[in-house]
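Participant: Got a structure for you, questions after.
The values are calculated or read from the model by the stated rules, or taken from the named source; none is laboratory data. For clarity, every value in this text was computed on a predicted model and none was experimentally measured. Please note: Cβ atoms are built from the backbone with ideal geometry, for glycine as well, and neighbour counts cover all protein chains shown. Surface accessibility is based on the protein's heavy atoms, side chains included, excluding ligands, DNA and RNA. Shrake-Rupley method; radii C 1.70, N 1.55, O 1.52, S 1.80 Å.
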Protein chains: 2
Amino acid sequence: MTTTQTYRILEADDIAAYLRERGHADGEHLTVREVSDGNMNRVFIATGPTHSLAVKQALPWVRVAGPSWPMSPSRADAEARAYAQVAAVAPDTIPAILGYDAANYALTMEDMSDLRVLRTVLNEGGSYGDTSRHVGEFVAALSFATSDFGMSSADRKALIAASVSPELCKITEDVVLSEPYIEHEHNHWHPALDDLAAAFRADPLLRTEVADLRHTFMTGAQALLHGDLHTGSIMVGNREGTPVVRVFDPEFSFVGPIGFDLGLYWGNALVSGIRARALGIKGDHADQLALSWQAFETEFRRLWPTRVDTFFDDAYLDRFLRRLWSDSLGFAGAEIIRRIIGFAHLTDLTTLPDPGPASREALLLGRALIVDRDGLAGPEDVRALLEKR
Amino acid sequence: MTTTQTYRILEADDIAAYLRERGHADGEHLTVREVSDGNMNRVFIATGPTHSLAVKQALPWVRVAGPSWPMSPSRADAEARAYAQVAAVAPDTIPAILGYDAANYALTMEDMSDLRVLRTVLNEGGSYGDTSRHVGEFVAALSFATSDFGMSSADRKALIAASVSPELCKITEDVVLSEPYIEHEHNHWHPALDDLAAAFRADPLLRTEVADLRHTFMTGAQALLHGDLHTGSIMVGNREGTPVVRVFDPEFSFVGPIGFDLGLYWGNALVSGIRARALGIKGDHADQLALSWQAFETEFRRLWPTRVDTFFDDAYLDRFLRRLWSDSLGFAGAEIIRRIIGFAHLTDLTTLPDPGPASREALLLGRALIVDRDGLAGPEDVRALLEKR
């Protein structure tokens, strides 16, 4: 090892020594396996006789594409920053973080290989259980703590500056908040949706409303976000009889509009409900928007008396939450649409025997959420919208 | 001179050598005088046989208070950054900048000692001339160029991070956007306003609307602002028969809501109109909000086809400008109120023979602008509001 610290790309054979070096393992024998699953990063699990750890490293490129698609590994800084903020206020909602090695863009964290990705569980017909309450509390805790309500003005400015994330924000600005509404090589869709995809590209009202959401995403520096809070960013399971929920992968984190986090979750939850209905599954899928909103609102209101800036009064809180509700619906709609006619699709729909009808239903719901977002007063209105279809 | 660059506090005797060192003067004899006038910084004018320059240096404290009130001199970085952005798109609206010396927080710039502060001219009964058109164009040029319409997403994120200004933003958040509505030792007012000052502190609607404006100021990262665009931040005059307008002192600059710049100017312009009416001066004072808005809108619309991001369509521009109009009215109202019952008062009103009635009129106008800002459709509605009183 030289005195100059360089960026080391870790391989499975390096992990045991790396963990000892970082003080996360003593002399015990560790068995290491690579379990990289997401598109971007490498994940290793190191298991010893007494405990088990995960090491997640961001590569300087997109893992599944290789060095031909470079991507700054500083996304790992964003991830570590978001975890640190949540750990201070709601540690149980995220994996335990043992340490972040900024020089190597590597997080050492809780082994979650006993848990399963929520989307996979849902696609197999499983239920949400208590997940939406956890998610609502996660968003409330993170967003309150990093808003002008939970953090001093000066600390907030420092957080805004530290958390700018040009590369990953640009992906969202493009892939989520514009490409599906224009002709773009990234877009593709099921042939049964040709007419709707064309109609959405030629829909001036929808385009203007999405532009509005996009500008809110680009300029609304309300709080630190997870930034990619879909049902694939949540692990669920059971440990010793207790349900466990972990929100993970906050590498798209930056200071943005709070409604983006709620909206992404809602978009995915609403589609899981459409899938369940298409398959005739009687479950709790249709309640998840309401449950997560109620948990969010309850937790945010519980935290409100602790705000650092009491010029913001209770009447302002009501107004703030009303706007946040409406923003969240808009982002939910955008998430649904982009996941059906944009770049990356939802397996919730693509794995249906006939994806066409459910995808049409979801697309129309997405559009309604965007263009009617100011007119939908609460979860019961969204439920009515769903049942009308 | 040592090899370690240290922060040198410049005195009048240092300026000639300093300007030669910086390459802004050759061997010619320079006569230097200090003309420091604002609260914060020192300004020197150096005059030689062929040309004349100004040197403005930020001290590590508030000039008029001395070292007992420390203040980061990095406000000069903010000022230089704002000037550089404007110089690229509308150089004629600001003083010519010859150079910025970041190590010493010193700007070398055009000598404006032949010009006069707009507020002084107005207080003496002078007219605006073409100033409001210049101001509208200044705000349009700066805000368009540094918004997501004029700048790439990645460059914008870098600008947001570079331009955070915790210390000066906090002054605005406190002095402009909260203190006047609560009991605070900074507040004072003319005895004839006791009842209104008390009523404003006990006005829940006003408080909630100001909280909304305050949160917009804290989170609305739309474009680089001047940040303190009142009639004391504008110099006017005449050179060789041509009217000259220079917007200066952008040390409160940061990436915030565009309506804050327009609003500050409008608040001050509206009060100058109330002063003129109180004194029976027939002039152009009442037209300035309309003239600056029209100039702003015309220039912003002229620039729109050059936007870097064409996902933002014409219908979105209309919506964006409607919201900006409403934000600007709200900030105008807040500026009026804080300048009458807050910390720093307007000489426009304090120098009237009887400040009471005009100040009452201005306070009520300020409140109406804040609470009715969404209902005032255009400049003619504001004019009607003024004439009704």
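Participant: Using each residue's phi in segment B:209-223, evaluate 6.51 cos²θ - 1.76 cosθ + 1.60 at θ = phi - 60° and report the 3J(HN,Hα) Karplus result to the nearest Hz, with x for Gly and Pro.
Facilitator: Those phi angles translate into 5, 5, 4, 5, 4, 5, 5, 4, 4, 7, 10, x, 7, 7, 6 Hz.
Participant: Which positions within segment B:316-346 get 50 Å² or more of their accessible surface covered by the other protein chains, compared to the chain by itself, with a 1.4 angstrom probe?
Facilitator: B:316, B:319
Participant: As a test of the formula, what do you get for the protein assembly as shown when each DSSP H run with n ≥ 4 contributes -39,500 (n - 2.57) and the sum is divided by the residue count, at 222 nm and rounded to the nearest 500 deg cm²/dmol? Could you put the intermediate results ahead of the total?
Facilitator: Working: 28 runs with 361 residues, N = 778.
Taking each H run of at least 4 residues, the total per residue is -14500 deg cm²/dmol.
Participant: Give the lysines reachable from residue B:157 as a straight Cα distance under 18 Å; neighbours fewer than 8 places away on the same chain don't count.
Facilitator: A:157, A:170
Participant: Given H placed 1.01 Å from N in the peptide plane, which residues other than close sequence neighbours of residue A:32 have an amide H under 5 Å from its amide H?
Facilitator: Correct list: A:47.
Participant: Relative contact order for chain A using alpha-carbon pairs under 8 Å, separation at least 6, rounded to a whole percent? Provide the component values of the computation, followed by the final result.
Facilitator: On the way: 657 pairs, mean separation 68.1, N = 389.
Normalised by residue count, the contact order of chain A is 18 percent.
Participant: Mind running the shape call on the protein assembly as shown? Use the C-alpha gyration tensor, a ≥ b ≥ c as the square roots of the eigenvalues: rounded below 1.5 for a/c, prolate if a/b tops b/c, oblate otherwise. Mind dumping the intermediate values first?
Facilitator: Working: a/c = 2.10, a/b = 1.55, b/c = 1.35.
Cα axes put the protein assembly as shown in the prolate bin.
Participant: Leaving out ligands, DNA and RNA, and with a 1.4 Å probe, what % of the accessible surface on chain A is carbon or sulfur? Present the calculation step by step, with values, prior to reporting the outcome.
Facilitator: Numbers: 7960 of 14920 Å².
Here carbon and sulfur together make up 53 percent of the probe-accessible area.
Participant: Let me ask you something else. Within a Cβ distance under 10 Å of residue A:90, other residues only, what is the Lys/Arg minus Asp/Glu net charge? Don't skip to the answer; put the middle values down first.
Facilitator: Values: positive: none; negative: A:92, A:137, A:299.
Summing Lys/Arg as +1 and Asp/Glu as -1 gives -3.
Participant: How large is ³J(HN,Hα), in whole Hz, for each residue of segment B:162-176 in order, when computed from phi with the Karplus curve 6.51 cos²θ - 1.76 cosθ + 1.60 and θ = phi - 60°, using x for Gly and Pro?
Facilitator: Result, rounded to whole Hz: 5, 9, 4, 9, x, 5, 6, 4, 4, 4, 5, 4, 7, 6, 8.
Participant: Dipole of segment B:251-333, Cα-centred, from +1 at each Lys and Arg C-beta and -1 at each Asp and Glu C-beta, to the nearest 20 debye?
Facilitator: Numbers: 9 positive and 11 negative charges, 65 e Å.
In total the dipole reaches around 320 debye.
Participant: Kindly provide the GluC sites (Glu not before Pro) of segment B:66-134 that DSSP labels as loop, not H, G, I, E or B, and whose Cβ sees at most 10 other Cβ atoms within 10 Å. Each step should come with its number before you reach the end.
Facilitator: Working: sites: B:79, B:110, B:124; in loops: B:124.
Of the GluC sites (Glu not before Pro), the ones in loops of segment B:66-134 whose Cβ has at most 10 other Cβ atoms within 10 Å are B:124.
Participant: Related question: For the pair residue B:201/residue A:184, report the inter-label distance in nm, with labels modelled 7 Å from Cα in the Cβ direction.
Facilitator: For the pair residue B:201/residue A:184, the computed spacing is 5.3 nm.
Participant: Hey, can you list the residues from segment A:206-220 whose accessible area shrinks by 20 Å² or more with all protein chains present, relative to the chain by itself (probe 1.4 Å, no ligands or nucleic acids)?
Facilitator: Residues of segment A:206-220 that lose at least 20 Å² of accessible area once the other chains are added: A:207, A:208, A:209, A:211, A:212, A:214, A:215, A:218, A:219.
Participant: Using a ≥ b ≥ c from the Cα gyration tensor of segment A:12-110 (square roots of the eigenvalues), is it rounded, prolate or oblate, where a/c under 1.5 gives rounded and otherwise the larger of a/b and b/c decides, a/b for prolate? Don't skip to the answer; put the middle values down first.
Facilitator: Details: a/c = 1.90, a/b = 1.16, b/c = 1.64.
Because a/c hits 1.5 or more and a/b fails to exceed b/c, segment A:12-110 counts as oblate.
Participant: Using a loss threshold of 40 Å², tell me which positions in segment A:146-160 are less accessible in the complex than in their chain alone. Probe radius 1.4 Å, ligands and nucleic acids ignored.
Facilitator: A:148, A:153, A:157
Participant: Here is a further query. Report, by chain and number, residues whose modeled amide H sits under 5 Å from the one on residue A:223, excluding near sequence neighbours (fewer than 5 apart, same chain).
Facilitator: A:256, A:258
Participant: By a straight-distance test (C-alpha under 24 Å), which lysines pair with residue A:282 as possible cross-link partners, with residues fewer than eight away in the same chain excluded?
Facilitator: Once the sequence-local lysines are set aside, what remains near residue A:282 is A:388.
Participant: So with the 1.4 Å probe, I'd like the accessible area per residue for the protein assembly as shown, rounded to whole Å².
Facilitator: Values: 29890 Å² over 778 residues.
Value returned for the protein assembly as shown: 38 Å² of accessible area per residue.
Participant: Taking 8 Å as the Cα distance limit and 6 or more residues as the minimum spacing, I'd like the relative contact order of segment A:4-68 as a percentage.
Facilitator: On the way: 90 pairs, mean separation 16.0, N = 65.
Computed over segment A:4-68, the figure is 25 percent.
Participant: What is the spin-label model distance, in nm, from residue A:34 to residue A:62 if the labels are put 7 Å beyond Cα along the C-beta direction?
Facilitator: Taking the two extended label points, one gets 1.9 nm.
Participant: Residue A:314 to residue A:20: extension gain in nm, 0.36 nm per residue of separation minus the Cα-Cα distance? Write out the running numbers ahead of the final one.
Facilitator: Details: separation 294, 0.36 × 294 = 105.84 nm, distance 5.10 nm.
Computed gain between residue A:314 and residue A:20 is 100.7 nm.
Participant: Can you classify chain B as rounded, prolate or oblate using the Cα gyration tensor, where a ≥ b ≥ c are the square roots of its eigenvalues, rounded means a/c under 1.5, and otherwise it's prolate if a/b beats b/c and oblate if not?
Facilitator: Working: a/c = 1.58, a/b = 1.35, b/c = 1.16.
Here chain B falls in the prolate category.
Participant: In terms of modelled amide H atoms, which long-range or inter-chain residues lie less than 5 Å from the amide H of residue B:308?
Facilitator: Correct list: B:150, B:151.
Participant: If you don't mind, there's one more thing I want to ask. If you take the accessible area of B alone plus A alone and subtract the pair, what total do you get in square angstrom, rounded to 100, with a 1.4 Å probe?
Facilitator: Details: alone 16680 and 16640 Å², together 29890 Å².
For chain B against chain A, roughly 3400 Å² becomes buried.
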